[in-house]
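Here the structure is laid out as C-alpha cells; the discussion comes afterwards.
A short reminder: the numbers here are calculations on the coordinates, not readings from a lab. Keep in mind the model is a prediction, meaning the values are calculated, not measured. We place every Cβ from the backbone using ideal geometry, glycine too, and count neighbours over all the protein chains shown.
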Amino acid sequence: MRTRASIVAAAFDVFGEPEGLYARIEDVADRAGVTRATFYNHFAGMAELREALTVEVTHEFLLAVTETISQMPDARDRSACAVRFYLRRARADRRWAWSMINLSAGGLIFGAETFRQAEQTVREGVQDHVFPLQSVELGRDLLLGTTLAAMGAIVRGDVAADYPEAVAVAILFALGVPPTEAQMRARKPLPSLAAAFNN
C-alpha cells in the first residue's frame with residue numbers, strides 16, 4: 001500500500017505540472033522511485049492510474065461542495081456555487097488545477113464522481129423547469145466544459161478577480177436562465193465550504 005500511495009503521489013506531482021498532459025508511465029515511475037515493473041504490480045496502465053488519481057484529487061473536495069450546496073433547493077444556485085467553488089480553488093491551488101485539467105483531457109471531465117453529480121444537478125434543473133433544455137447531456141457538457149476551460153484560463157494567466165462569478169453567470173445564461181437572474185444568482189454571497197474538506 002505504501003508503494004501504491006507513493007506512485008499516486010508522484011502522479012499528482014507529474015499531472016500537476018503544465019506539461020502533465022503528456023505524462024508517461026516512465027515519468028511517474030521515475031518520480032516515485034520505482035521500476036516500470038513495480039508500477040505494473042499496482043496499476044494495469046495509465047488509464048487505471050488516472051482514475052485512481054482523479055478519485056484522490058477530487059473526492060474530498062466534491063463531498064464538501066456537494067454537502068454545502070445540498071442545502072440549496074434550486075439547481076440554478078447549486079450550479080453557480082459549484083462552479084465558483086471549483087474556480088476559486090483553481091486560483092488558490094494551481095497544482096490541483098493543472099492536475100484537474102490534465103486528468104480531464106484523458107477521461108471524464110473532473111472524474112466520474114463530479115461528472116455524475118453535475119449531470120444530476122442539471123437533470124433536477126430540467127425536471128424543475130428552471131433549465132429549459134432539450135437535453136440533460138447538453139446542459140452537463142455546458143456546465144463542465146465551460147468550467148474546465150475557465151480553469152485553464154485561470155492557471156495560464158491573469159483574469160479578473162470576479163472571473164469565477166462571471167463564468168457562473170455565463171453558464172447559467174447558457175442553461176437558459178434570463179440574464180438579470182443569472183447575474184443575481186451567480187453573485188450571491190458564497191457560503192463557507194463544508195467542514196468535510198480539510199485542505
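With the cut-off at 1.5 for a/c, could you classify region 2-46 from its C-alpha gyration tensor as rounded, prolate or oblate?
prolate
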Got a sec? Charge dipole of region 101-166, +1 on Cβ for Lys and Arg, -1 for Asp and Glu; which of Pro164, Thr121, Leu138 is way out at the positive end? Leu138
Using a ≥ b ≥ c from the Cα gyration tensor of region 1-86 (square roots of the eigenvalues), is it rounded, prolate or oblate, where a/c under 1.5 gives rounded and otherwise the larger of a/b and b/c decides, a/b for prolate? prolate
GNM of the chain, Cα pairs under 10 angstrom: of Pro179, Pro164, Pro189, the biggest fluctuation goes to Pro189
Taking the Cβ of each residue in Val169, Val28, Val8 as the centre, tally the other Cβ atoms inside 10 Å and list the residues starting with the fewest. Val8, Val169, Val28
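Tell me the net charge near Gly111. Cut-off is 10 Å between Cβ atoms, Gly111 excluded, with +1 for each Lys or Arg and -1 for each Asp or Glu.
-1
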Express in nm, to one decimal, how much length is gained between Ser6 and Ala105 on full extension, taking 0.36 nm for each residue of separation and deducting their alpha carbon distance. 33.3 nm
What dipole magnitude, in Debye to the nearest 20, does region 2-46 give about its Cα centre under +1 on Lys/Arg Cβ and -1 on Asp/Glu Cβ? 280
In nm², what is the average projected area of the convex hull enclosing the Cα atoms of the chain? 11.3
Calculated from DSSP helices alone, with each H run of at least 4 adding -39500 (n - 2.57) and the total divided by the residues of the chain, [θ]222 nm to the nearest 500 comes to -22500 deg cm²/dmol
Longest principal axis of the chain (C-alpha) makes with the long axis of helix 111-127 (C-alpha) an angle, in degrees to the nearest 10, of 10
Inter-part distance where region 166-183 and region 37-54 are each reduced to a Cα centre, Å: 39
Return one number: the angle in degrees, 0 to 90 and rounded to the nearest 10, between the long axis of the Cα atoms of helix 163-174 and the longest principal axis of the Cα atoms of the chain. 60
